[in-house]
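Read-outs: derived from the displayed coordinates by stated rules, not from any lab. The structure presented is a predicted model; accordingly, all values stated were derived computationally and were not measured. Here the Cβ is made from the backbone with ideal geometry for all residues, glycine too, and neighbour counts use every protein chain on show.
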Amino acid sequence: QVQLVESGGGLVQAGGSLRLSCAASGRTFSRFMGWFRQGPGKEREFVAAILWSDGSTNYADSVKGRFTISGDGTKNTVYLQMNSLKPEDTAVYYCAAGSGLTIYRGYGYRYWGQGTQVTVSS
């Protein structure tokens with residue numbers, strides 16, 4: 001059974017940086033991998049995704065210019081470099097892998113990690 005495991009979360013001051021990592025325990029045969037987050041009292045939201053076919057990336061407007069997604073499709077690993085962090089970035093971050101019709105919604109993904117907490121203090 002495929003498992004996704006995230007790491008790299010933690011507590012950081014506003015303006016700081018963190019790098020999240022996600023690795024799959026087996027082959028996901030996915031067309032893309034992405035990151036979602038869920039803040040306190042908020043719904044889960046799309047953060048970023050990478051398509052393995054051409055390496056193209058997509059970002060939520062709220063993180064453009066601050067976050068960078070990268071990864072290796074052959075190894076089913078994905079990273080999220082987060083710079084200039086803000087308190088509103090505080091959330092549990094989830095990585096996911098899928099081949100659905102959309103990269104922007106959760107139903108496009110089949111496999112999910114357990115999540116890693118990111119807390120940004122002001």
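Values computed for the structure shown
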quantity	calculated
Calculated FRET efficiency for the pair SER122/ASP54, C-beta based, R₀ 30 Å, to 0.05	0.20
Pairwise label distance in nanometres, ASP72 with SER21, each label 7 Å out on the Cα-Cβ vector	1.1 nm
Loop-located trypsin sites (Lys or Arg not before Pro) in the range 45-86 whose Cβ has at most 12 other Cβ within 10 Å (DSSP)	LYS64, LYS75
Centre separation in Å (Cα based) which lies between the range 92-114 and the range 67-86	14 Å
Environment charge at GLY98 (Cβ cut-off 13 Å; Lys +1, Arg +1, Asp -1, Glu -1)	+3
GNM result for the chain, Cα springs below 10 Å: residue of TRP52, TRP35, TRP112 fluctuating most strongly	TRP52
